[in-house]
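Worksheet: one structure, shown below.
Bear in mind that the values in this text are calculations on the coordinates, not laboratory data. This one's a predicted model, so the numbers in the text were calculated from it and none came from an experiment. Counting neighbours? That spans all protein chains shown, and the Cβs are built from the backbone with ideal geometry, glycine included.
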Amino acid sequence: MDNPRTLEACEACDRPVAALADDYAHGAEVSPHSHRRAQLIHSVTGAMTVTSTGGRWVVPAGKAVWMPAGMSHQIRMAGDVRMRTVFVRDDAREGLPKICEVIGVSALLREAILAAMDIPLNYAREGRDSRVMELILDELEQAPRLSMHVAFPKDPRLMAVCQHLLTRPAHAPSLDELAARIHVSGRTLSRLFERELGMTVSAWRRRMCILLSLPRLAEGASLAEVAMEFGYDSPSAFTAMFKRELGMAPTMYVASRDSLHR
């Protein structure tokens, strides 16, 4: 008889790939933890915000986040989340991602992940079950990487600025206001930000607003509500910024999210 399908069993099994299904209610949190295996964490419905020391990743419905083995992270759910996780042994493939990143999930990869939930942990090394697991690895190696990440700086002064922006997303302080908080000039703050994060303070704030807005949209908040929460004068102004950053309007994001629910 196969082992019970638990987190511990998935990590301990001797097959290169194991799968686990979990469902979470809106607002649920998974406290900081790490795993011996790498994970592909797929959100079938709802959105997840994954936070580690390196930054914050937002995983909308229909996407996945790759989490390397041993990396501590925590997860917060927005909307009712159907999480489907694939645990991957380090030696499964050479071409697997080395860093945490959001992955685009093709229709084929999605169906393979869902099929894996019914495959026993001690699946035969030859045959259909093994081929499904190998297909997941094939698709993962070539899946597009998505820019749904806001990096956190290592400099504690810059981190203080970022935390201030995170806790007050509706307020757009000037560069000089932010610089005064850490007792430097606006020019110095700009230079430090560019050097460590490769973007301006305003670009970081825009990315932060976009990524924080995705869980709100997943919860069912209206476009007008989201625009106001992130300091935009109108839904159209927020929509224009959203489209520049993600290449689609918020209405298209919501429509694509809803089409995945089944």
Exercise. To the nearest 0.05, how large is the calculated FRET efficiency for D23 and E229 if R₀ is 30 Å and r is the Cβ-Cβ distance?
Worked result: 0.65
For this session: State which stretch of the chain is the longest one without any exposed GluC sites (Glu not before Pro), exposure meaning a DSSP loop state and at most 10 other Cβ atoms within 10 Å.
Result: 127-262
Exercise. Mind listing the phi-derived Karplus ³J(HN,Hα) values for region 65-71, rounded to whole Hz, using 6.51, -1.76 and 1.60 with θ = phi - 60°, and x for any glycine or proline?
Worked result: 10, 9, 10, x, 4, x, 8
Exercise. Quick one: if the Förster radius is 35 Å, what FRET efficiency do S202 and Q74 give, using the C-beta to C-beta distance and rounding to 0.05?
Worked result: 0.80
Seminar exercise, completed: Gyration tensor (Cα only) of region 100-199 to equivalent ellipsoid, semi-axes in Å sorted down, yields 47, 13, 12
Exercise. For helix 201-219, what angle does its Cα long axis make with the longest principal axis of the chain, in degrees from 0 to 90 and rounded to 10?
Worked result: 50 degrees
Seminar exercise, completed: Rounded to 0.05, the calculated FRET efficiency for the beta carbons of D14 and D118 at R₀ = 22 Å is 0.70
Seminar exercise, completed: Cα-based Rg and Dmax for region 152-259, in Å, come out at 15.0, 49
For this session: Find the all-direction average of the projected area of the Cα convex hull for region 7-146, expressing the result in square nanometres with one decimal place.
Result: 7.4 nm²
Exercise. What is the percent of Cα-Cα separations in the chain that go past 30 Å?
Worked result: 33 percent
For this session: Mind listing the long-range amide H neighbours of F152? Cut-off is under 5 Å, sequence gap 5 or more, other chains count too, H placed in the peptide plane at 1.01 Å from N.
Result: G55, R56
